[in-house]
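The structure under discussion appears below in the form of structure tokens.
The values are calculated or read from the model by the stated rules, or taken from the named source; none is laboratory data. These numbers were taken from a predicted model, which means no experiment stands behind them. Every residue, glycine as well, gets a Cβ built from its backbone with ideal geometry; the counts of neighbours run over all protein chains shown.
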Amino acid sequence: MTDVKPLDFSTFHNVINNELTTTSETRHGINPANTQPNPPVPVSTQDDLDKAVKAAQAAFKGWAKTSFEERRKALHAWADAIDSNIDGFAQTLTMEQGKPLTQSSMELGMTTTWIRGLAAIEIPDTVIEETEDRKIVQRHVPIGVVGAIVPWNFPVLLAVGKIVSAVYTGNTIIVKPSPFTPYCDLKLVELATNFFPPGVIQCLSGDESLGPMFTAHPRIEKISFTGSIATGKRVMAACATTLKRVTLELGGNDPAIICDDVDIDVIIPKIGTLSYLCCSQICMMIKRLYVHEKIYDEFLEKLVAFVKTLKVGQGTEADTFFGPVQNEMQYEKAKDLFSSIGTENLKPALGGTIENSSGYFIPPTIIDNPPETSRVVQEEPFAPILPILKWSDEDEVLERANALETGLGSSVWSKDFERATRMADQLQSGCVWVNSHFDLGPNTPFGGHKQSGMGVEWGLTGLLGYCNSQTQWLKKSF
Ligand code: NAD
């Protein structure tokens, strides 16, 4: 990757038909670490969307006919170019999202792994029957123009997962980043113009009116949405009007069940990290921690001690683990949830009070054995507040773990593999882990049960979500 100019991360444009465009109105995101404005970005209109859709439709005709090998080659070149700009992307991600640079670099690293990993998956036709007389084949053909609606917590990986899935299967795609985090997504697509024909990958930044324009557009054939459950329901309802294909990746409130036989010292750093990465703003972080009563007191004490060692600060400072939460809305939601500590008489074992600061900083908080009905257990916090709850009976804890309307991820931790897998089999979620949480891979389907989603992303099953099934009945003679 020597002939592509390094990206300039100071100005940000829409990408329509491989051209960088601006809009008469602009807006800007906020750096959550200091609440200062980030650079201006476009506010796209219906006209911008119509232009992009037209370009995407035109591009689809040619792109759908390219081979997997051609698409794979373009995707690899794009991944290499992202790698070459990795520092700029990581700094921009920290600027817009707030996550520490180490975690931004981790997200970027996952992103290029996902590009190469998804593009390695084979999508074979299935010969259902072949006789002398006829052949019946199931093929997987591209759908057309895809709209990608992206949230603000993992704006790079989640946008790229949708882009790769769409274009690798022969579709064209228009990305709509979250208005809170448009910067990296615009630059990723600007970079993609070097490797893909006009109209194949486009990106439009906008305000809150743009998402509904995507879901209403009659010529967008599929929406891949990641975000909250409430918005997911609105997206699905809007897509019903034109019967668009829809994939929904929604919120979660993941339980982790810790059995009494674990090696506490070994798992505490893992549990602490997997509860608080990205300031707990990950859909499938540990959000309800069920610890066996025999080890509860020691576990709580050691977890508090470990979390105290994790530094809160600006994402740009070395060793920061907790940056700010991403935006004012999230900050206010977190404050409201923290107010339930007082109103519900909960016992913080760590933190518990949000002090005023120059950014949206929230102290890591652990709530000691709150009632199952408390808000901090029932609601997805998306902020660093973790309830730790006691259990003693296996069936009862499984029932509590499964009690909510969410079902994104869940985990069981035990030395006894047979016991752990027996419990894991009874958990109701799209991913279930034993002795880990949040392991993900590009070759592995990822999605939610119950209200955590519809369909999956990634893996062969995820890719097939970007295809129409076509059954061909091929009679060899009349
Ligand atoms: P959100 O639902 O507020 O917004 C997501 C996206 O939808 C944004 O781009 C937003 O502009 C757009 N949008 C808003 N209203 C719309 C509408 N009516 N029509 C179309 N688009 C609309 O979610 P968020 O606050 O950005 O993200 C946080 C949530 O996302 C959490 O609940 C989290 O658990 C969930 N999430 C889920 C996954 C997953 O894969 N399951 C991954 C990350 C985040």
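Quick check on my filter: what residues within the stretch 314-326 are part of a loop (DSSP other than H, G, I, E, B) and on the phi < 0 side of the Ramachandran plot?
Of everything in the stretch 314-326, those that are part of a loop (DSSP other than H, G, I, E, B) and on the phi < 0 side of the Ramachandran plot turn out to be Gln314, Gly315, Thr316, Glu317, Ala318, Gly323, Pro324, Val325, Gln326.
How do the pairs read when you match residues in the stretch 204-222 that are assigned by TED's automatic domain parsing to the domain that holds Leu20 and of a type in the set (Gly, Ala, Ser) with residues anywhere that are part of a helix (DSSP H, G or I) and within 9 Å of the ligand (Cβ to nearest atom), using Cβ under 9 Å and keeping only pairs 6 or more apart or on different chains?
Gly206/Met213; Gly211/Thr231; Gly211/Arg234; Gly211/Val235; Gly211/Ala238; Ala216/Ala238
Would you list the helices (runs of 4 or more DSSP H) that sit entirely within the stretch 202-290 and hold 3 or more residues that are crowded, with 24+ Cβ neighbours inside 10 Å?
Working: elements: 210-216, 229-240, 264-276.
Answer list for the stretch 202-290: 264-276.
Given the criteria assigned to a helix (DSSP H, G or I) and more than 10 Å from the ligand (Cβ to nearest atom), does Leu186 qualify?
So Leu186 passes the test.
Would you say Cys278 is within 16 Å of the ligand (Cβ to nearest atom) and either in the same structural domain as Val397 (by TED's automatic domain parsing) or within 30 Å of Glu396 (Cβ to Cβ) (or both)?
Taking the combined requirement at face value, the residue satisfies it.
Quick test for you: out of Val156, Val145, Val150, pick the one residue that is among the β-branched types (Val, Ile, Thr), surrounded by 24 or more Cβ atoms within 10 Å (Cβ to Cβ), in contact (Cβ under 8 Å) with a residue 24 or more places away in the chain and within 10 Å of the ligand (Cβ to nearest atom).
When all the criteria are applied, what remains is Val150.
Can you pull out the residues in the stretch 248-275 that are within 12 Å of the ligand (Cβ to nearest atom) and either out of contact with any helix residue (DSSP H, G or I) (no Cβ under 7 Å at 6 or more places or on another chain) or among the acidic types (Asp, Glu) (or both)? Don't jump to the end; show me each part of the working.
The first filter runs over the stretch 248-275 and keeps only residues within 12 Å of the ligand (Cβ to nearest atom), leaving 248-254.
Result: Glu249, Gly252, Asn253, Asp254.
Kindly check whether there is at least one residue in the stretch 455-475 that is part of a loop (DSSP other than H, G, I, E, B), surrounded by fewer than 21 Cβ atoms within 10 Å (Cβ to Cβ), of a type outside the set (Phe, Trp, Tyr) and within 14 Å of the ligand (Cβ to nearest atom). Break it down stepwise before answering.
Within the stretch 455-475, the subset part of a loop (DSSP other than H, G, I, E, B) is 455, 458, 465-466.
Still in the running and surrounded by fewer than 21 Cβ atoms within 10 Å (Cβ to Cβ): 455.
From what's left, of a type outside the set (Phe, Trp, Tyr): 455.
So of that shortlist, the ones also within 14 Å of the ligand (Cβ to nearest atom) come out as 455.
Looking through the stretch 455-475, at least one residue is part of a loop (DSSP other than H, G, I, E, B), surrounded by fewer than 21 Cβ atoms within 10 Å (Cβ to Cβ), of a type outside the set (Phe, Trp, Tyr) and within 14 Å of the ligand (Cβ to nearest atom).
Kindly evaluate Thr193 against the criterion of being in the same structural domain as Phe68 (by TED's automatic domain parsing), in contact (Cβ under 8 Å) with a residue 60 or more places away in the chain and in contact with an Asp or Glu (Cβ under 6 Å, 6 or more places away or on another chain).
Taking the combined requirement at face value, the residue does not satisfy it.
Quick check, is Pro363 within 14 Å of Leu289 (Cα to Cα) and touching a strand residue (DSSP E or B) at 6+ places or on another chain (Cβ under 8 Å)? Show your work before the answer.
On the way: within 14 Å of Leu289 (Cα to Cα): no; touching a strand residue (DSSP E or B) at 6+ places or on another chain (Cβ under 8 Å): yes.
Here the answer is no, as Pro363 does not meet what is asked.
Within the stretch 408-427, can you find the residues that are more than 20 Å from Asn253 (Cβ to Cβ) and in contact with a helix residue (DSSP H, G or I) (Cβ under 6 Å, 6 or more places away or on another chain)?
Selection gives Ser414 alone.
Would you point out the residue of the stretch 159-194, among those that are out of contact with any strand residue (DSSP E or B) (no Cβ under 7 Å at 6 or more places or on another chain) and among the polar types (S, T, N, Q), that is surrounded by the most Cβ atoms within 10 Å (Cβ to Cβ)?
The extreme case among them is Ser178.
Quick one: which of Glu372, Glu317, Glu301 is away from the ligand (no atom under 16 Å from the Cβ), closer than 17 Å to Asp254 by Cβ, surrounded by fewer than 18 Cβ atoms within 10 Å (Cβ to Cβ) and not hydroxyl-bearing (Ser, Thr, Tyr)?
One residue alone meets the criteria, Glu372.
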